[in-house]
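Asks: Before I ask anything, let me first share the structure, which is written out below as structure tokens.
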Amino acid sequence: MSTIDGLIRDGAISKIEIELAVGEQPLRLFYGTPGFIDWLNTLLQGAEPKHRLGDTTPAEQVDQLIYAFVSGKPLNYLRQFRFIRAEENAVWELKTPDVRIFGWFLKIDCFVGVFGDWADHVKDHDLYRGYRIAIRRLRRELGVEDNLCVKGTSPSDVISV
Amino acid sequence: MTSFQFDVGSRARKAGRFIGRVRSELLKALSEKKAKDGLTQQALATKLGVHRSLVNRQLSGESNLTLRSLADLAWAMDMELKFELSERPDTFGQNEGTTTSTISHGQIRFINGRSGTGSNGQSAHAPNEPEPRAEQ
């Protein structure tokens, strides 16, 4: 049976850490695949969409999103996260004005990011289905569909605070 | 790699998280107003004389939120704005000082205002400054 520690040991996922404020503790966990971490690095190097909507940079938007997630802040369903399709073992999307992150919840309050992309690119090319199928395939390859994948699609199934 | 530090730098972090917090507060306030008074985004936009899509974009972060527009939104929701700057409370790497005790006496009050110890375990107080003490 796969475990989170086992996935980390095998290099399938890594824990993503961000700086929290004084007095704050991580209340949720955020992981990423190697490909997702490569994409995060492009943000840190200043990657920008063709037409940015947000008044902060994509890197700032993603920092704020991960910070809100990890520090246990309330997240706005639909504006900041939603499932792609109502199905068992759903794929979830985290959102900022310019960025979309696709992944799944290993456990409640425990997300793993697999793909990051520009919001306009995802919408213009209708990439939701493709990302969803690719993530389902990855989960099958990792053998996590049974025990490391939240089944429900209610917001309270995946985020507790 | 067992962990990855996503570090945008302190300046970008301050900006992104501040702007994000302002938007979260606006969304929370609007949600509460909707539950209490039935205030919708459309009603807010009508009161402000703008299109609903502008209010929606401002709340979602897809449109710039100026100080003016922030004040306008607060006015339209009949709410007060608070803004203040303060010194950073303490250094990183330490938890906030406790204000309660696990033993059975009253709430601890810190004398002279400061609390906690430095990250090296030494007192955070100047040598000639009295140590905080518990009052029962």
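Asks: Which pairs do you get when a residue that is within 20 Å of A:LEU106 (Cβ to Cβ), found in segment A:19-42, comes within reach of a residue that is in a strand (DSSP E or B) and among the basic types (Lys, Arg), reach meaning Cβ atoms under 6 angstrom, with the pair 6+ apart or on two chains?
Replies: A:TYR31/A:LYS15
Asks: Among (1) at pLDDT 90 or above; (2) within 8 Å of another protein chain (Cβ to nearest Cβ), where does B:ASP78 come up short?
Replies: With (1) at pLDDT 90 or above; (2) within 8 Å of another protein chain (Cβ to nearest Cβ) applied to B:ASP78, the lone miss is (2).
Asks: Every residue in segment A:83-116 that is at negative phi, crowded, with 17+ Cβ neighbours inside 10 Å and either in a loop (DSSP other than H, G, I, E, B) or without any contact (Cβ under 8 Å) to a residue 24 or more places away in the chain (or both), please.
Replies: Within segment A:83-116, A:ILE84, A:ALA90, A:VAL91, A:THR96, A:PRO97, A:ASP98, A:ARG100 meet the criteria.
Asks: From the list A:PHE115, A:PHE83, A:PHE69, A:PHE105, pick out the single residue that is away from chain B (no Cβ under 11 Å), under 30 Å from B:SER69 (Cα atoms) and under 13 Å from the mean Cα position of the chain (by Cα).
Replies: Numbers: A:PHE115 fails: under 30 Å from B:SER69 (Cα atoms); A:PHE83 fails: under 30 Å from B:SER69 (Cα atoms); A:PHE105 fails: under 30 Å from B:SER69 (Cα atoms).
After applying the criteria, what remains is A:PHE69.
Asks: Just one of the numbered conditions (1) touching a residue at least 40 places away in the same chain (Cβ under 8 Å); (2) among the hydrophobic types (A, V, I, L, M, F, W, C); (3) farther than 14 Å from A:LEU40 by Cβ is not true of A:VAL62; which one?
Replies: (3)
Asks: Next question. Taking the residues in segment A:1-18 that are without any contact (Cβ under 8 Å) to a residue 24 or more places away in the chain and more than 9 Å from chain B (Cβ to nearest Cβ) as candidates, determine which candidate is surrounded by the most Cβ atoms within 10 Å (Cβ to Cβ).
Replies: A:GLY6
Asks: Return the residues of segment B:56-72 that are closer than 15 Å to A:ASP55 by Cβ and of a type in the set (A, V, I, L, M); say none if nothing qualifies.
Replies: Scanning segment B:56-72 gives B:LEU59, B:LEU65, B:LEU67, B:LEU70.
Asks: What tally of residues in segment B:42-84 results from selecting those that are part of a loop (DSSP other than H, G, I, E, B), over 22 Å from A:GLN64 (Cα atoms) and acidic (Asp, Glu)?
Replies: Number satisfying all stated conditions: 2.
Asks: Anything in segment B:30-84 that is more than 18 Å from B:GLY20 (Cα to Cα), of a type in the set (Lys, Arg) and surrounded by 12 or more Cβ atoms within 10 Å (Cβ to Cβ)? List them, or say none.
Replies: B:LYS33, B:LYS34, B:LYS47, B:ARG52
The values are calculated or read from the model by the stated rules, or taken from the named source; none is laboratory data. Keep in mind that this is a model prediction, so the values were computed, not measured. Reconstructed Cβ throughout: ideal geometry from the backbone, glycine too, with neighbour counts over all protein chains shown.
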